[in-house]
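Colleague: First the structure, then my questions, so here it is.
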Amino acid sequence: MDLFLEAFGWAGAIALAVAFYLNSRDIYPATSKESLYINIFGSAGLLANGLYHNALPSVALNVVWFMVGVTALYKLLIVKRKESSSQK
């Protein structure tokens with residue numbers, strides 16, 4: 001389990017760096033579905049790793065980051081669903 005949580009933490013850190021890079025280069029805007037998925041995965045990885053290491057400031061930040069991402073993705077998917085159903 002140690003190796004998995006370390007790898008998940010590093011993957012999360014890399015994912016957040018990639019999301020920031022893609023956003024700053026206007027490849028994926030921050031509100032795009034792709035960017036939100038990457039941010040959710042990244043914050044989940046750092047959250048799990050922070051819990052394992054009892055790094056509570058990191059845990060708190062990544063709980064917020066994760067919830068913001070999930071909420072934004074939910075709103076994005078609901079809006080798209082409403083738009084597609086109103087066009088039928």
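Colleague: Please name whichever of GLY42, VAL64, GLN87 sits farthest to the positive end of the charge dipole of the chain, dipole taken about the Cα centre and charges placed at Cβ: Lys and Arg +1, Asp and Glu -1.
Modeller: The residue sitting most towards the positive pole is GLN87.
Colleague: Which trypsin sites (Lys or Arg not before Pro) in the range 6-81 sit in a loop by DSSP (not H, G, I, E or B) and have at most 10 other Cβ atoms within 10 Å of their own Cβ?
Modeller: ARG25
Colleague: Give me the one-decimal nm value for the distance between modelled label points at GLN87 and LEU61, 7 Å along each residue's Cα-to-Cβ direction.
Modeller: 3.9
Colleague: Summing +1 for each Lys or Arg and -1 for each Asp or Glu, what net charge is found among the other residues whose Cβ lies under 14 Å from the Cβ of LEU73?
Modeller: Overall, the nearby charge balance is +3.
Colleague: Grab the beta carbon distance between LEU77 and HIS53, set R0 = 41 Å, and tell me the FRET efficiency rounded to 0.05.
Modeller: For LEU77 and HIS53, the calculated efficiency is 0.80.
Colleague: Also: About the Cα centre of the chain, how large is the charge dipole given +1 on each Lys and Arg Cβ and -1 on each Asp and Glu Cβ? Please answer in debye to the nearest 20.
Modeller: Once rounded to the nearest 20, the dipole reads 580 debye.
Colleague: Could you please state, rounded to a whole Å, how far the C-alpha centre of the range 61-88 is from the C-alpha centre of the range 28-56?
Modeller: The range 61-88 and the range 28-56 have Cα centres spaced 16 Å from each other.
Read the figures in this text as sums done on the coordinates, not as results from a lab. All values derive from a computational prediction rather than experimental measurement. With ideal geometry, Cβ positions are generated from the backbone for all residues, glycine too; neighbour counts draw on all protein chains shown.
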